[in-house]
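The values are calculated or read from the model by the stated rules, or taken from the named source; none is laboratory data. Predicted, not measured: the structure shown is a model, and the values here were computed from it. Please note: Cβ atoms are built from the backbone with ideal geometry, for glycine as well, and neighbour counts cover all protein chains shown. Only protein heavy atoms, including side chains, enter the accessible area calculation; ligands, DNA and RNA are left aside. Shrake-Rupley method; radii C 1.70, N 1.55, O 1.52, S 1.80 Å.
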Amino acid sequence: MPPIRNLLLVFYAASLGPCAVAAMDYPKIQLENSELQVSVYLPDAERGYYRGTRFDWSGIIERVQYRGHSFYAPLHAVHDPLKHDSLGGPADEFAMFNPMGFAEAGPGEPFVKIGVGLLQKKQSDEYVFHEDYKLLRAGEWRVEHGPDRILFEQELDGERGWSYRYRKRIRLLAGKSEFEIEYHLENSGEKTIDITHYNHNFTIIDDLPFGPGYRVELPFIPGQTVAANDLARLHGNVIELDQPLGKDSIWIQLYDGEARSDYNAATVLNTRSGAAVSFKGDAPITRMVFWAVERAASPEPFIRLLLQPGEVAEWSSRYRFIADEP
């Protein structure tokens, strides 16, 4: 029988609601090297910080500290672990538009979301990435970690021939203000996997709202773009704002075309605090989107994953944190 103290804590938390239960004890670990301190949440189907059905549960970064500056923060001021985008930092999503097995599943039948598990299809034949889907079975995780690295592994045997083995590792680079995220995906099923992967890169620096004083730099000059409104100013390879966002948001399609590995990069700079974070990936992208609200600026590189049964894909992204000398 559990100790009485633990039972009382569970009873108290339950009386406050499901979010309060998790808020009391989100499992996480601290990684560090000589330059960075990185707080990482651990996937947990019962107590995890993020238990939504959209993003990969592994490797969710709470905070990065470097030379007195802080990077990343929750997207929402009020956290709900079950909300589809209630997280922050480098957040991965597989199959934003066409999850494995969704098209052939009937209403009430399962489909696969990598990094999450088996979800239940609703009545609609259209998958909507920001909707909540019933979690039929969470994928089980194996986690190993040391002082400066952490490895997540998930293997899921789905239904109707859809299965995968997934591995993600976050590794801090010795003596540098950098970490690398390494991905390994194997198609262990009987059907062809043809999906996208992207990182949402919810970025905020020193808890300062995204707006004037931030600059987003790209490794290319976008061609024809489509913006949701006129709040952002795009000149050359730079995105800037002339006014605070307030409750508004921005969406710009920066690239859509042939796969380019040299386009898989971006830098978000806060000119007020003198801090920045940049990333560079090694996988060719087919699409780049920029999305922003006050609490996050998000350059989002998309790659295509086309895997026949038994095939493996590996890719990585390196993040570098920059600060003015004290």
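Assorted remarks:
- Simple spin-label estimate for I221 and F129 in nanometres, 7 Å along Cα-Cβ: 2.9 nm
- Label positions at R47 and W251, each projected 7 Å from the Cα along the C-beta direction, are separated by 3.7 nm.
- Note on K122 and D80: with the Förster distance fixed at 22 Å, the Cβ-Cβ geometry gives a FRET efficiency of about 0.65.
- When each of the peptides 304-314, 273-283 is scored by how many other beta carbons lie within 10 Å of its residues on average, the order from highest to lowest is 273-283, 304-314.
- With R₀ fixed at 51 Å, the C-beta to C-beta distance from E104 to D324 puts the FRET efficiency at about 0.40.
- Sequence ranges 200-212, 143-155, ranked by mean other-Cβ count within 10 angstrom, highest first: 200-212, 143-155
- Note on the chain: dipole from Cβ charges, positive end direction compared against P309, G158, L254; the farthest Cα belongs to G158.
- Close amide H partners of A91, meaning residues 5 or more places away or on another chain with modelled amide H under 5 Å apart, are H200, N201, F202.
- Prolate/oblate/rounded label for the range 244-296 (Cα gyration tensor, a/c 1.5): oblate
- For E62, the residues whose amide H sits under 5 Å from its own are S39, V40, Y41, ignoring neighbours fewer than 5 places away on the same chain, with H placed 1.01 Å from N.
- Under the combined filter of DSSP loop state and at most 16 neighbouring Cβ atoms within 10 Å, the range 49-106 retains these trypsin sites (Lys or Arg not before Pro): R67.
- Of all accessible heavy-atom area on the chain, the percent that carbon and sulfur account for (1.4 Å): 50 percent
- Here the contact order of the chain, divided by its residue count and restricted to Cα pairs under 8 Å and six or more residues apart, works out to 15 percent.
- Mean accessible surface per residue for the range 192-326, computed with a 1.4 Å probe while every protein chain stays in place, in Å²: 45 Å²
- In percent, rounded to a whole number, the relative contact order of the range 104-177 is 23, using alpha-carbon pairs under 8 Å and six or more apart.
- With all protein chains kept in place, the per residue accessible area of the range 46-128 amounts to 33 square angstrom at a probe of 1.4 angstrom.
- Using a Förster distance of 41 Å, the FRET efficiency for Q65-V312 (Cβ separation, nearest 0.05): 0.75
- Using a cutoff of 8 angstrom between alpha carbon atoms and counting only pairs six or more residues apart, the relative contact order for the range 12-167 works out to 17 percent.
- Think of it as helices only: each DSSP H run of n ≥ 4 in the chain is worth -39500 (n - 2.57), and spread over all residues that comes to -1500 deg cm²/dmol at 222 nm.
- Extension gain, I29-E159: 0.36 nm per intervening residue step, less the Cα-Cα distance, totals 43.5 nm.
- Cross-link partners for K113 among the lysines, with Cα-Cα distance under 17 Å and sequence neighbours closer than 8 places in the same chain left out: K83, K121, K122, K134, K168, K191.
- K28 long-range amide H proximity, modeled H, under 5 Å: L42
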